[in-house]
Amino acid sequence: MADVFSTVLLDDRDGLNSARALILQAYYALRRAFAPDRIGCGEIAAWIKVHEPKEPMPSDALIRLTLGRHGIAHRAPGRPRNDSRVTISPFLSARRRPSHDRGG
């Protein structure tokens, strides 16, 4: 995120700072392709690493706190089952749904 956007659009009224806004951005980008119970801290961190590599990586605690504060459904902490893991490919746009999730 550009510093201009951080200083102009984020303020204390909504409780967002640049790190929390980035967490929500990652969550909603993933949410377009996956159910809430398939998105956890690891998936959000992986999305940030791929799509916003210059941004500082938020801690798992900050990710959980941000999602909880905004009442956002997400996967419970802990190790996901193998059949529920989300794979983030750097070559897959956040807007495109993987073919295995579309049933084809």
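Just so it is clear, none of the values below were taken in a lab; they were calculated from the coordinates. Everything quoted here is computed from the prediction, not taken from an experiment.
Close amide H pairs (under 5 Å, H built 1.01 Å from N) link PHE34 with no residue at least 5 positions away or on another chain. The gain in end-to-end length when the GLU55 to ARG69 segment is fully stretched comes to 2.9 nm, 0.36 nm per residue minus the alpha carbon separation.
In order along the range 36-42, phi translates into HN-Hα couplings of x, 6, 10, 10, x, 4, x Hz, rounded to whole numbers, per the Karplus curve 6.51 cos²θ - 1.76 cosθ + 1.60 with θ = phi - 60° and x for Gly and Pro. Close amide H partners of GLY40, meaning residues 5 or more places away or on another chain with modelled amide H under 5 Å apart, are ARG75.
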